[in-house]
1. Being touching a helix residue (DSSP H, G or I) at 6+ places or on another chain (Cβ under 6 Å), within 11 Å of the ligand (Cβ to nearest atom) and hydrophobic (A, V, I, L, M, F, W, C) is the filter here; which residues of the range 96-139 pass it?
2. Can you work out which of the residues in the range 26-55 that are crowded, with 24+ Cβ neighbours inside 10 Å and not β-branched (Val, Ile, Thr) is farthest from the ligand (Cβ to nearest atom)?
3. Scan Ser148, Ser135, Ser108 and give me the residue that is among the hydroxyl-bearing types (Ser, Thr, Tyr), free of Cβ contacts under 8 Å to residues at least 40 places away in the same chain, in the same structural domain as Tyr16 (by TED's automatic domain parsing) and part of a helix (DSSP H, G or I).
4. Determine whether Ile286 is open to solvent by less than 10 Å² (accessible area, probe 1.4 Å), on the phi < 0 side of the Ramachandran plot and away from the ligand (no atom under 15 Å from the Cβ).
5. Only residues in the range 194-216 that are at pLDDT 90 or above and within 14 Å of the ligand (Cβ to nearest atom) count as the first member; pair them with residues that are among the hydrophobic types (A, V, I, L, M, F, W, C) and part of a helix (DSSP H, G or I), Cβ under 6 angstrom, at least 6 apart or cross-chain, and list the lot.
6. Among the residues that make up the range 162-170, is at least one of them outside any strand (DSSP E or B), under 13 Å from Ser31 (Cα atoms) and away from the ligand (no atom under 14 Å from the Cβ)?
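The values are calculated or read from the model by the stated rules, or taken from the named source; none is laboratory data. Predicted, not measured: the structure shown is a model, and the values here were computed from it. Cβ sites come from the backbone with ideal geometry, for glycine too, and all protein chains shown count toward neighbours. All accessible areas refer to the heavy atoms of the entire protein, side chains included, with ligands and DNA or RNA removed. Shrake-Rupley method; radii C 1.70, N 1.55, O 1.52, S 1.80 Å.
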Amino acid sequence: MTFGWQSPSNIALVKYWGKRNPQLPSNPSISFTLDACHTKTQTTFTDGQGVRVLLDGQPAPNFVPKVQQFIERISPRHPWLQDYHLAISTHNSFPHSSGIASSASGLSALALCVVDMAMHLGQPLNAKDARQEASILARLGSGSASRSIYGGLVVWGGTPSVPGSDDHFALPYPHPVHPLFATFRDVVMLVDVGQKAVSSTAGHALMEGHPFAAQRFAQAHTHLARLQTILAEGDVGAFLDLVEGEALTLHGLMMSSSPSYLLMRPQTLAILEAIRVYRKETGLPIGFTLDAGANVHVLFPEEAEQKAMVFVKDVLAPFAKDGRFIADRIGAGPLPL
Ligand code: PMV
């Protein structure tokens, strides 16, 4: 049996940073699901054992350990997997050398294929529905992947201001959202396209015993609650203010870890400063967020697109590696292939 899914990447607005076993977040997070940045994965299940991965039609043995670890982690929920060989054929829409992690899109696509196969076999799902089960499985592979199972704004991690929120799975943001957020843009400036100096796994671990951990985890709950009014009213100024603060806090936590480390590059800072100067001078609602890396996600509403793209091309692109960027937008979530 073969099942296929196209599943998107996502960018956190309130960041998940710090976790406890088994892959449960230390604080709640909320993200935009992306559109252009996605993974297409076909998974063929045959009798047997083991895993084979093809990336763009070529064998990719370096992906096998990560997939095997994922299968091991989800096997207690899906013991039938032990009787199957998985042939996984995958393609990322974004360039391999972009520094954009494919774990959220790749693991969510694979989780959706596994849930399809489980349903085909008539296996019980210990979740409300197929999507929730896929979110639980994706989370066990990579925390942020749990959010890629849905489109739009997605929350992962239990927090009092979001009814139904849970540490074990993500859910679509349940509160009213102003229409301007439905078409928000995210242009990813590719600053550093290599391997990260410190992985997210190591970064999460450094939150254990971090001197600011307790305050940070509490702050994420406060930010989720504050977003409720901002998102409902379409207050883009307050939105960008909160989201930029979250991005700088994430990197501030890295800089104040023990050992401390830096993932921003000089060009990252140059882009952040240029965005703030431009916003101040023009009043255009344009802001930024950062992943656990040097790339910058430039955020703005659709109505600002024309001017924002001129600014991106003329002013920001020269700071990016080879002038490269990916123009993306908020997306509708996974699609079966
Ligand atoms: O899902 P992981 O373990 O790769 O961690 C992702 C952490 C951040 O991207 C920095 C924040 C987030 O919420 O996605």
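1. Ala104, Leu107, Ala138
2. His38
3. Ser135
4. Here the answer is yes, as Ile286 does meet what is asked.
5. Met207/Ala213
6. No, the conditions are met nowhere in the range 162-170.
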